[in-house]
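*Asks:* Below is the structure I would like to discuss, written out as structure tokens.
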Amino acid sequence: MSISPAVLETVDRLVGFDSTSRKSNLEIIDYLKDTLSALGADCRLTRNEDGKKANLYATLGPTDRPGVMLSGHTDVVPVEGQAWSTDPFKLVERDKKLFGRGSADMKSFIALAVSLAPEFLERGLETPLHFAFSYDEEVGCLGVRKLIADFANLPVKPRLCIVGEPTGMKVVAGHKGKRNFSCVVHGKECHSALAEGVNSVEAAAEMIAHIKGMQREIRRDGPFDPAYEPPYTTLHTGIVEGGRALNIVPNHCRFEFEIRALPHQDVDALTDRITAFARTELEPEMKAVHPASGFDFTIMNDTDGFDLPDDHEAVRLATELTGDNRTGRVSFGTEAGLFNNAGIPTVVCGPGFIEQAHKPDEFISLEQLAQGEAFLRRLMGKLCT
Ligand SMILES: [Zn+2]
């Protein structure tokens with residue numbers, strides 16, 4: 001297996017753009033758009049509210065029929081507070097590995113897609129090749145939602161999609177969904193020696209204990225799906241803040257929790273159980289003391305899970321391209337859930353490993369990059385005359 005010089009040059013180029021999620025991604029998007037436009041691709045941008053970030057959707061080949069979409073996010077997680085041994089935004093090759101932020105997650109896949117595009121074209125695309133490059137994936141798959149909404153304005157939607165997140169080139173045909181919540185508990189302050197207040201920290205604690213109880217029940221009774229690790233839906237509280245002094249009954253507490261659900265689990269039903277506990281078990285006692293007290297739940301982020309059967313067209317195409325019939329299911333989320341929910345069958349398969357993502361000295365091995373290139377070359381054989 002070999003790697004084309006154009007692929008290496010493009011990985012180097014893309015890692016060089018500091019596209020940390022909190023910054024603008026327009027430089028990298030303009031670069032990708034210019035590269036694809038120069039090949040004659042039909043390009044569409046969808047922007048965020050202030051116009052400083054954009055998604056790129058591009059089509060190469062015929063525009064009158066649905067094709068195969070290669071998808072990736074252009075943003076990367078921050079490097080601050082991490083001990084890197086080299087400049088994270090300068091690609092460095094050492095021991096047959098390429099080091100740099102985004103090398104694994106997931107600029108190498110984008111580099112492969114873009115740098116091999118001229119060859120797809122030369123070989124004669126009979127089925128179109130679509131590209132979907134998003135912003136703000138790392139902060140909750142925010143950007144791609146606009147790109148998906150824009151599909152309504154297109155004459156044809158992609159037939160299926162491969163999201164090139166790092167899976168070690170194994171085909172992932174399902175992942176869990178994730179719903180994040182923020183909960184503010186309003187109480188009533190008073191001197192702690194008096195018994196007339198509403199203690200928001202204690203109310204939050206009872207709610208958190210209830211969520212933990214639901215987790216115990218699910219772990220014991222299911223539903224289970226052995227394809228996932230852990231094989232059940234998980235609930236967890238990650239942040240609690242409240243209270244100012246021990247001698248004040250706290251009037252404000254806030255906590256954040258999440259549900260990472262198996263694709264077939266009814267997340268709304270779990271959400272209803274949580275809010276119902278607040279409304280019926282906790283709030284009556286609180287409101288009897290102070291009517292304005294109680295719980296405010298906000299869903300901060302909701303990213304769908306998905307699960308495609310192994311005999312689905314999208315899964316079969318991807319496994320034919322990898323040459324490995326085994327498929328996986330993972331617990332981390334990607335944009336694939338949103339694409340599937342929008343009616344575009346999508347699998348996850350890309351070079352590099354999630355174990356190296358988000359860490360200092362993130363890297364992709366040359367071997368993985370070569371496997372990624374071989375994968376796309378086999379796709380050429382499928383899409384071209
Ligand atoms: Zn990623």
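The values are calculated or read from the model by the stated rules, or taken from the named source; none is laboratory data. Predicted model only: the values in this text are computed from it and were never measured. Neighbour counts run over all protein chains shown; Cβ positions are idealised from the backbone, glycine included. Surface accessibility is based on the protein's heavy atoms, side chains included, excluding ligands, DNA and RNA. Shrake-Rupley method; radii C 1.70, N 1.55, O 1.52, S 1.80 Å.
*Asks:* Within the range 56-68, can one find any residue that is farther than 21 Å from residue 130 by Cα, surrounded by 15 or more Cβ atoms within 10 Å (Cβ to Cβ) and at pLDDT 95 or above? Before you say what the answer is, go through the steps one by one.
*Replies:* Quick first cut of the range 56-68, residues farther than 21 Å from residue 130 by Cα only: none.
No - not one qualifying residue is present in the range 56-68.
*Asks:* Listed residues 318, 292, 314, 276; which is out of contact with any His (no Cβ under 7 Å at 6 or more places or on another chain) and open to solvent by 10 Å² or more (accessible area, probe 1.4 Å)?
*Replies:* Exactly one residue qualifies, and that residue is 276.
*Asks:* Among strands (runs of 3 or more DSSP E) lying entirely in the range 133-222, which contain 1 or more residues that are open to solvent by 10 Å² or more (accessible area, probe 1.4 Å) and more than 16 Å from the ligand (Cβ to nearest atom)?
*Replies:* Because the criterion is at least 1 residues that are open to solvent by 10 Å² or more (accessible area, probe 1.4 Å) and more than 16 Å from the ligand (Cβ to nearest atom), the strands (runs of 3 or more DSSP E) in the range 133-222 that meet it are 177-186.
*Asks:* Being on the phi > 0 side of the Ramachandran plot and touching a strand residue (DSSP E or B) at 6+ places or on another chain (Cβ under 7 Å): is that true of residue 40 here?
*Replies:* no
*Asks:* So for the range 299-307 (the condition being assigned to a loop (DSSP other than H, G, I, E, B), surrounded by fewer than 15 Cβ atoms within 10 Å (Cβ to Cβ) and either without any contact (Cβ under 8 Å) to a residue 24 or more places away in the chain or not hydroxyl-bearing (Ser, Thr, Tyr) (or both)), does at least one residue qualify?
*Replies:* No, the conditions are met nowhere in the range 299-307.
*Asks:* Does residue 325 count as more than 16 Å from the ligand (Cβ to nearest atom), free of Cβ contacts under 8 Å to residues at least 40 places away in the same chain and closer than 21 Å to residue 142 by Cα?
*Replies:* Answer is no for this residue.
*Asks:* Suppose we filter the range 79-123 for residues that are within 16 Å of the ligand (Cβ to nearest atom), over 23 Å from residue 170 (Cα atoms) and not aliphatic (A, V, I, L, M); how many remain? Please lay out each step first, then the result.
*Replies:* Start the filter on the range 79-123 by keeping residues that are within 16 Å of the ligand (Cβ to nearest atom), which leaves 79, 88, 100-113.
After this cut, where a residue has to be over 23 Å from residue 170 (Cα atoms) as well, the list is 79, 88.
From what's left, not aliphatic (A, V, I, L, M): 88.
Here the count works out to 1.
*Asks:* Would you tally the residues in the range 237-251 being in contact (Cβ under 8 Å) with a residue 24 or more places away in the chain, touching a strand residue (DSSP E or B) at 6+ places or on another chain (Cβ under 6 Å) and either closer than 17 Å to residue 297 by Cβ or open to solvent by 70 Å² or more (accessible area, probe 1.4 Å) (or both)?
*Replies:* Residues that pass the stated criteria total 3.
Per-residue answers, yes or no, for (1) open to solvent by 50 Å² or more (accessible area, probe 1.4 Å); (2) touching a Gly at 6+ places or on another chain (Cβ under 6 Å); (3) of a type outside the set (D, E, K, R):
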| site | (1), (2), (3) |
| --- | --- |
| 12 | yes, no, no |
| 19 | no, no, yes |
| 29 | no, no, yes |
| 48 | no, no, yes |
| 75 | no, no, no |
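*Asks:* On to the next question. What about residue 53, is it surrounded by 22 or more Cβ atoms within 10 Å (Cβ to Cβ), of a type in the set (D, E, K, R), under 24 Å from the mean Cα position of the chain (by Cα) and away from the ligand (no atom under 15 Å from the Cβ)?
*Replies:* yes
*Asks:* Taking into account only those residues within the range 165-193 that are over 22 Å from residue 207 (Cα atoms) and of a type in the set (Lys, Arg), which is nearest to the chain's Cα centre (by Cα)?
*Replies:* 176
*Asks:* Criterion first (within 17 Å of the chain's Cα centre (by Cα) and in contact (Cβ under 8 Å) with a residue 12 or more places away in the chain) does residue 143 satisfy it?
*Replies:* Spelling it out, residue 143 is indeed within 17 Å of the chain's Cα centre (by Cα) and in contact (Cβ under 8 Å) with a residue 12 or more places away in the chain.
*Asks:* Yes or no: residue 115 under 22 Å from residue 38 (Cα atoms), open to solvent by 10 Å² or more (accessible area, probe 1.4 Å), modelled with pLDDT of 95 or more and not in a strand (DSSP E or B)?
*Replies:* When the stated conditions are applied, residue 115 passes them.
*Asks:* Scan the range 263-296 residue by residue and report those that are in a helix (DSSP H, G or I) and in contact with a Leu (Cβ under 9 Å, 6 or more places away or on another chain). Spell out how you get there, then give the answer.
*Replies:* Initially, the range 263-296 is screened for residues in a helix (DSSP H, G or I), giving 267-289.
Across the range 263-296, the qualifying residues are 270, 274.
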